[in-house]
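Nothing in this text is a laboratory measurement; each read-out follows from the coordinates by a stated rule. Note that the structure is a prediction, hence the values are computed from the model and not measured. Glycine gets a Cβ as well: all are built from the backbone with ideal geometry, and neighbour counts include every protein chain shown.
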Amino acid sequence: MANLEIRSVSKEFKTGKVLDRISLAADNGEIVAVFGPSGSGKTVLLRLIAGVEQPDEGTILLGGRDVTDRAPETRGVGMAFQNFALFPHMSAFDNVASALTAHKVPRDVIRAKVEKVAALLKIDHVLQHAPRELSNGQKQRTALARALVAEPKILLLDDPLRNVDAKLRYEMRLELPSLLKASGSTVLYVTQDYKEAMALGDRIAVLSDRNFAQIDRPAEIYRTPATLNVASLFGDPTINLMPVEPWTSSAGPKIGIGGAELSLPPGYGHMAGNACVLGLRAENILVEDMASPESLPVEVVAVTPLNERTLLLLRTDDGREILASEAGTNEAPRRHGPAFARFDAEAVLLFDPASGRRIVPQSA
Amino acid sequence: MEHVSLPERVVRGFLIALIVLFFLFPIFWIFLMSFQTNEDILRIPPSLFFTPTLSNYSALITGKLVSTAGTLDIAFMKNLWNSVLLSTASVFIALILGVPAAYAFARFKFRLGEDIAFTLLSFRFAPPLLVLLPLSLYFQQLGLTDTYIGLIWVYQLIALPLILWIVRGYFEDLSPDIEYAYRVAGHSWWRTFTRIAIPLAGPGIAAAGLLAFIFCWNNFVFALILASAEKQPVTVGALAFVTASGIQYGQIAAAIVLSVAPTLALALYAQRYLVEGLSLGAVKG
Amino acid sequence: MTDTAVKHADAPARRRINYLPYLLSLPALLVCIGILIPFVTAVYYSLQRYRLNLPMMRGFIWFQNYIDFLTDNEFWHTVQVSLEYTVLTVGVELVFGLAIAMLLQKQTRINNLVSILLLLPLMTAPAIAALMWKLMTNPNFGVLSYFVQLLGFNNFKWASDPSTALFTVVLVDVWVYTPFIMILLLAGLRSLPTQPFEAAALDGVPRRFVFFRITLPMLTPYIITAGLFRMLDSIQQFDIIYPMTQGGPGNTLLVFQVRAYLEFYQYTNVGKSAALLIILWAITYALSNVFIKQWLKLRERARGMA
């Protein structure tokens, strides 16, 4: 049975509908990353589950119980807010302990639990300080400690690393997965950073346009995104999108780009004659000096060396611009000028322009 | 750092001294007068030098004035006590009733709340007699004239809108997320209100309470209309005092000093809160 | 495995009514009712011929009370005195308060101390302040009577003289309420952005220009707000005038509320008193709407700059 389940939940504000009949089920101990652009309703979703807001319609079940009408203090979830929401008039210790003091836990037990969690999050030496005396990183970990200390079955983390400086964010991104797994809670982790989502989540729920566009394992989302939108949200640089119209040939379906004819996997044969959008990830494009079958002539217009890879801006004969990414740095930096681009046909994605949905290749 | 010329500094200092003189002189003078005997008061020209006496105060405090005309009973202490009782009780009740209501107005957007806030605000500036004169007739019918209960109820008309106005602003400035965090941590709405919202709005509540106390204490017209001799606070009592015959001027001065001492002391002690409340949040960041 | 949409039967739309806010604001509601009932009663009375000492003559005369006022010289005198009082007090207090605020603008220890001391008149009950000044202007022993005699004014009767009574009560009002204006304008002055002034100093702009063209325009919202606030109080002045002269000498100081009070208690004319108060209320209602709009604008601006 799923530990956390929302069914057909909707929420509307004066500014418009934010969530439209969304559903999600998370298993015990699973970490689900809720990812979406800013304003997509991720925080609203967390608030609905925590009980701070009420859904207009739908049901929320925690541990199998229907909690939709129950007050937040009865739901037994732990939550970490984006802007920390620490109690300014209490010490860090009392802040963390507040998750335990509601349940008549004896003082020595509280002390033991708070100190244990604080040690885990490396804030044990600042427990007696007031929140205003803590650094941002310490505040964030205090907020996390408060969410964790009562060992809740459900953990809601609202972009906890957002207001933390880059170096600390990187460190926490390494520490958090083991921390969360060790807690054993079911975790909903909201983030705007797709890399964070991919690093932390067992599954990712992509929230866009008031609903979940896709809920899947990170690798699947990357390799087989459900929609154009999802494909664009994941990947750096953003996926290359080109309108094409395949036709059938004796060698299978083909498309034309920049004057060259390139083959598509046979599974796309049924799209012949239909306008499609081709999705091609930058790292799946090979730029070579020599022509080869299935390559198209391009001009290297710009070269941006980044440490571990190089970005190349290519222009095709018919004026389209494509971004390609090469691993490593060349000893001899690539020069501008004519070249040939070849891509792995199996890695190609095809989308329907009207609905944005990915076209699934049919098996023969 | 501006460079202000010496002549200018002198002029500035002189003007400030004049201003302080103007505003503090009456208080100072009446204070002096309260320690003077009648002869000292009536002496012309008035002098700053005299032998002080406590007889005026002792007459007030003991309630008896022994003079050549006989012994006069002075009920001023009763007035003082009435002021203390009415102001304290009214503010206390207004806080109990008003702070939760201010919280409701701040946190929940509901139609009734907006209507109440609007009504109270618009009547804040209405002439008091408009409400008091009909009320006095009602009070007569209800038997509430000249009762502490009736007066404390009417004093709510002064204290409650003030408290609502000021405290609401302070609650609105608190981030709701902090309260949500406490609730999600497992605490009921009431515990959140008492352990989080109220402590964090503490300065505002103190300012409002202080200001309400002073306004209640200084109130004149409410008590004039709805109280008679037994229950009158000092503002009305002092007036009656002045017009009574046989009272010496020194005692009037002493009565005035006793009437204003509490509010002046409060003002000095808590002036920071006062100024904040008085600015009505108009320039609060 | 991909979940895109798990379809369930739609749960019925739910709208929970939260009783909490209504419960919490119950007392405030009661107070509201406690204000509105007498108010409606006052309107009701104002439409009647109602004298407490002639109860059998009570009856509806609709707007006759109001119409009678139009031809009543005493009424127009009341209007005139009230307006004079308001204009004089607000005018003097604004100018005086602004001057003091400018003098105390810099945050020095002396200035802060002076600001605190100037709070004291504001904290005295106006009724008591009236008594204080009554003592000081007593013709026999009042220290102020003595001083004006030194200045050559013999027989200056202060509040007992129709020609100087208004001056006297305005003086008391100025004494009590100027600090209020000062506090507001001081807070306003201190919250003004410093850049324009720094720029003017750099450019060597003369101080008079700075005051009239920079300071004053920026302070205008505060001045208007403070002025309206005082106007609202002054037009319904009672606490100072009644203890001082009970509206006298004669009818010199019969402002609105004092007249209404006397109509009610001296002449027991409830209907007329109520009508007078309704007229006053209409004036204050109109003024307060303007004031509230100004004040809210000021608050928004202050919040925006924070």
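At-a-glance table
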{"item": "Folded to 0 to 90 degrees: helix B:76-107 orientation relative to chain B principal axis, Cα", "result": "20 degrees"}
{"item": "Estimated [θ] at 222 nm from DSSP helical runs (n ≥ 4, -39500 (n - 2.57)) normalised by residues in the protein assembly as shown, nearest 500", "result": "-16500 deg cm²/dmol"}
{"item": "Nearby aspartates and glutamates by direct alpha-carbon distance to B:LYS78 (threshold 18 angstrom, same-chain neighbours under 8 apart not counted)", "result": "B:ASP146, B:GLU230"}
{"item": "For region A:36-120, diffusion coefficient by Stokes-Einstein and Kirkwood Rh (Cα), 10 °C, 1.306 mPa s, µm²/s", "result": "106 µm²/s"}
{"item": "Fewest-first ranking of A:MET242, C:MET182, using other Cβ atoms within 10 Å as the exposure measure", "result": "A:MET242, C:MET182"}
{"item": "GNM flexibility winner over chain C from C:LEU287, C:LEU151, C:LEU47 (Cα, springs under 10 Å)", "result": "C:LEU151"}
{"item": "3J(HN,Hα) from dihedral phi, region C:57-69, Karplus parametrisation 6.51/-1.76/1.60, rounded to Hz, x for glycine, proline", "result": "8, 6, x, 6, 10, 6, 8, 4, 4, 5, 5, 4, 4"}
{"item": "Helix runs (DSSP H) in chain C reaching 18 Å along axis by Cα, Kyte-Doolittle at least -1.0", "result": "C:26-46, C:73-103, C:109-123, C:162-191, C:216-234, C:270-305"}
{"item": "Relative contact order for region B:10-135, counting Cα pairs under 8 Å that sit 6 or more residues apart, in percent", "result": "10 percent"}
{"item": "Relative packing of peptides A:54-67, B:145-158, C:127-140, C:68-81 - highest average C-beta neighbours within 10 Å first", "result": "C:127-140, B:145-158, A:54-67, C:68-81"}
{"item": "Taking all pairs of distinct alpha-carbon atoms in chain B, Kirkwood radius in angstrom", "result": "22.2 Å"}
{"item": "Residue-averaged beta-carbon neighbours from other chains (10 angstrom radius) around B:15-26", "result": "6"}
{"item": "Residues whose placed amide H lies under 5 Å from that of C:GLN48, excluding near-sequence neighbours", "result": "C:ILE61"}
{"item": "Ratio of Rg to Rh over region B:124-178 (Cα coordinates, Kirkwood Rh, two decimals)", "result": "1.21"}
{"item": "Zero-based 5 Å bins, Cα pair distances in region C:119-275, whole percents", "result": "2, 8, 13, 15, 13, 12, 10, 10, 8, 5, 3, 1, 1, 0"}
{"item": "Around B:ARG191: net Lys/Arg minus Asp/Glu count, Cβ-Cβ under 9 Å", "result": "+1"}
{"item": "Inter-chain shielding of C:140-150 (mean C-beta neighbours from other protein chains, 10 Å cut-off)", "result": "4"}
{"item": "Cα long-axis angle, helix B:249-269 against chain B (0 to 90 degrees, to the nearest 10)", "result": "30 degrees"}
{"item": "Sequence-distant residues sharing a close amide H with A:LEU4 (under 5 Å, placed H)", "result": "A:ALA26, A:GLY63"}
{"item": "Peptides A:22-33, A:160-171, B:113-124, B:10-21 ordered by average Cβ neighbours within 10 Å, highest first", "result": "A:22-33, B:113-124, A:160-171, B:10-21"}
{"item": "Region A:4-224 - Debye-derived log10 I(q)/I(0), Cα point model, q = 0.18 Å⁻¹", "result": "-1.36"}
{"item": "Across A:LYS17/A:LYS153; A:LYS195/A:LYS254; A:LYS11/A:LYS104; A:LYS116/A:LYS167, pairs whose alpha-carbon gap is larger than 27 Å", "result": "A:LYS17/A:LYS153; A:LYS195/A:LYS254; A:LYS11/A:LYS104"}
{"item": "Volume of the Cα convex hull of region B:6-73, divided per residue and given in Å³", "result": "116 Å³"}
{"item": "Under the span-like rule (Cα at least 30 Å along the axis, Kyte-Doolittle mean at least 0.5), DSSP H helices of chain A", "result": "none"}
{"item": "At q = 0.16 Å⁻¹, base-10 log of I(q)/I(0) for region A:240-351 (Debye sum, equal scatterers on each alpha carbon)", "result": "-0.70"}
{"item": "For the protein assembly as shown, average projected area of the Cα convex hull in nm²", "result": "56.7 nm²"}
{"item": "Theoretical gain in end-to-end length, B:THR53 to B:LEU121 [0.36 nm per residue, Cα-Cα removed]", "result": "19.7 nm"}
{"item": "Residue order, fewest to most beta carbons within 10 Å, for A:ARG358, A:ARG132, A:ARG309", "result": "A:ARG132, A:ARG309, A:ARG358"}
{"item": "Calculated from backbone phi, Karplus (6.51, -1.76, 1.60) coupling profile of region A:225-230 in Hz, x at Gly/Pro", "result": "x, 6, 9, 3, 4, 4"}
{"item": "Value of Rg to Rh for region C:73-138 (Rh from inverse mean 1/r over Cα pairs, i.e. Kirkwood)", "result": "1.12"}
{"item": "Other protein chain Cβ atoms within 10 Å, averaged over every residue that makes up B:251-262", "result": "3"}
{"item": "GNM top mover of B:VAL260, B:VAL234, B:VAL167 - chain B, alpha-carbon springs below 10 Å", "result": "B:VAL260"}
{"item": "Under the Debye formula (equal points on every Cα, no solvent term), log10 I(q)/I(0) of chain C at q = 0.13 Å⁻¹", "result": "-1.09"}
